[in-house]
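S.K.: Next up is a structure, given as structure tokens.
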Amino acid sequence: MFTLFAAAFVLGLVFNAAPGAVFAETVRQGVRGGFRPAFAVQVGSLVGDGVWAVLGLVGVGVLLQVDALRWPIGLAGVAYLAWLSWDAWRSASHEFHLDANRSPRTDASRALRSGVTLSLTNPHNIAFWAALGSALGAVGVQQPTAADYGVFLAGFMASSVLWCFVCAAIVDRLFRRAGPGWARITYRLCAAAFLALALASLRDLMVTPATPSSTPPAVLEQRL
């Protein structure tokens with residue numbers, strides 16, 4: 001059981017550390033608001049991951065791979081990424097500064113919702129958790145039981161919680177005190193990243209078959 005927990009913990013770190021829309025949004029929020037909104041994005045993404053994990057464990061994730069359900073979710077994700085790209089580019093075009101009178105709670109709530117939305121509309125998360133059995137097989141569990149699934153999920157979520165703090169702290173330390181010029185450059189880079197991810201997600205929807213992937217780690221190439 002410890003080996004399975006450790007393997008899931010490492011897999012969770014790799015999954016969460018892979019660059020993608022969630023990281024770009026974490027940077028975008030952290031540039032203006034610091035640790036708290038950056039952390040909120042990560043927590044929101046974790047909530048979405050937890051939802052897909054539970055659906056994958058009960059077998060619903062496999063059903064969501066059919067085109068009738070996969071396309072609406074995928075298109076919603078593409079649309080949201082495109083909107084984030086436009087919003088980040090528009091924000092970079094205006095002079096802005098950190099407002100001491102601005103409510104941190106409002107920023108954190110908005111960031112939390114953004115993280116949840118990015119995770120729930122990510123078709124790669126669906127594929128990953130739908131193929132959970134294959135993931136367990138890759139770490140040596142050929143006939144997983146309910147206990148095995150529970151240990152795997154616990155290890156994965158433990159590393160995800162740790163990453164929430166680590167990522168938000170890194171973003172806060174690196175970007176929080178950036179001047180307006182660097183902040184605008186960061187926003188434009190985030191806008192470009194969101195647009196590239198939206199186009200990549202749309203491409204994957206058009207070329208990827210509806211059958212669940214047998215190699216879950218491939219999802220790591222595009223985490224949302």
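The values are calculated or read from the model by the stated rules, or taken from the named source; none is laboratory data. Predicted, not measured: the structure shown is a model, and the values here were computed from it. Ideal geometry is used to build each Cβ from the backbone, glycine not excepted, and the neighbour counts take in all protein chains shown.
S.K.: Report yes if some residue within the stretch 64-76 is within 30 Å of Val151 (Cβ to Cβ), buried (at least 21 other Cβ atoms within 10 Å of the Cβ) and either modelled with pLDDT of 75 or more or of a type in the set (Gly, Ala, Ser) (or both); otherwise report no.
M.R.: Taking every residue of the stretch 64-76 in turn, none turns out to be within 30 Å of Val151 (Cβ to Cβ), buried (at least 21 other Cβ atoms within 10 Å of the Cβ) and either modelled with pLDDT of 75 or more or of a type in the set (Gly, Ala, Ser) (or both).
S.K.: So Gly140 fits all but one of (1) within 22 Å of Ala191 (Cβ to Cβ); (2) surrounded by fewer than 14 Cβ atoms within 10 Å (Cβ to Cβ); (3) modelled with pLDDT under 70; what number is the exception?
M.R.: (1)
S.K.: Would you call Ser134 at pLDDT 65 or above and assigned to a helix (DSSP H, G or I)?
M.R.: On the way: at pLDDT 65 or above: no; assigned to a helix (DSSP H, G or I): yes.
Considered against the rule, which asks whether it is at pLDDT 65 or above and assigned to a helix (DSSP H, G or I), Ser134 comes out as no.
S.K.: In addition: Cβ-Cβ distance below 7 Å, separation of 6 or more or different chains: which pairs start in the stretch 21-46 with a residue that is of a type in the set (Val, Ile, Thr) and end on one that is outside any helix (DSSP H, G or I) and buried (at least 22 other Cβ atoms within 10 Å of the Cβ)?
M.R.: Listed by first residue and then by second, the contacts come to Val22/Arg223; Val22/Leu224.
S.K.: Going through the stretch 5-20 one residue at a time, which ones are small (Gly, Ala, Ser) and either free of Cβ contacts under 8 Å to residues at least 12 places away in the same chain or in a helix (DSSP H, G or I) (or both)?
M.R.: Result: Ala6, Ala7, Ala8, Gly12, Ala17.
S.K.: Ok, one more. Modelled with pLDDT of 80 or more, part of a helix (DSSP H, G or I) and not aliphatic (A, V, I, L, M): does that describe Gly48?
M.R.: So Gly48 passes the test.
S.K.: Further, regarding this structure: Restricting to the stretch 166-187, count the residues that are of a type outside the set (Asp, Glu) and modelled with pLDDT of 80 or more.
M.R.: Of the residues in that region, 8 qualify.
S.K.: Could you please give the count of residues in the stretch 9-45 that are modelled with pLDDT under 85, buried (at least 22 other Cβ atoms within 10 Å of the Cβ) and aliphatic (A, V, I, L, M)?
M.R.: Going through the stretch 9-45 one residue at a time, the tally reaches 2.
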